[in-house]
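Some notes on the structure that comes next.
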């Protein structure tokens, strides 16, 4: 997400959470996740919301047809306001920031994990349990990305702290220790 998107999306995400704060945070997280997943899985929806040739009313009709039965009324009204204010094209960024804020409010920590191979459910559970103790969070949500260049191991990012257990990271650390220039690595 670029800086411009963040600057525009942040106030809308905060306003949305203020709007729904009287309701259940769990329900809000469900709505946010549903909308975010819909955007990620439907390229047509993304294109329609970003299309400058479609007017606000057409975009509202699309949103109503997709989300009216699936999300809370306050959430739906918020999406329609985004159409009116010509900010619906930032919906993905707004939802991502709102999810982070909602997780933070409910003491759920999102931790980014980059692994060389897919982690099994038991590995994910074990990692979550260890990270829960380490961070003191009530619940951990892992955001897992794959990077085959790591060779083996994984990289964990907790806010600004990075824990690199990958073979690639260990090789970089060793070469730095031995004074090998970066161009040879």
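Among the numbered conditions (1) in contact with a strand residue (DSSP E or B) (Cβ under 6 Å, 6 or more places away or on another chain); (2) surrounded by 18 or more Cβ atoms within 10 Å (Cβ to Cβ); (3) within 28 Å of residue 4 (Cβ to Cβ), the only one that residue 110 does not meet is (2). Residues in segment 56-79 that are over 19 Å from residue 42 (Cβ atoms), in contact (Cβ under 8 Å) with a residue 24 or more places away in the chain and under 23 Å from the mean Cα position of the chain (by Cα): 3 in all. Within segment 133-175, the only residue that satisfies the criterion of being over 16 Å from residue 112 (Cα atoms), part of a loop (DSSP other than H, G, I, E, B) and free of Cβ contacts under 8 Å to residues at least 24 places away in the same chain is 136.
Helices (runs of 4 or more DSSP H) fully within segment 35-132 that include at least 2 residues being over 21 Å from residue 145 (Cα atoms) and out of contact with any helix residue (DSSP H, G or I) (no Cβ under 8 Å at 6 or more places or on another chain): 43-50, 56-67, 73-84.
Residues are listed down the side, and each one gets a yes or a no for (1) under 30 Å from residue 13 (Cα atoms); (2) surrounded by fewer than 17 Cβ atoms within 10 Å (Cβ to Cβ):
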site: 84; (1), (2): yes, yes
site: 120; (1), (2): no, yes
site: 156; (1), (2): yes, no
site: 177; (1), (2): no, yes
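Taken together, the values in this text are just the output of simple stated rules run on the coordinates, not laboratory data. Source: prediction; values computed, not measured. With ideal geometry, Cβ positions are generated from the backbone for all residues, glycine too; neighbour counts draw on all protein chains shown.
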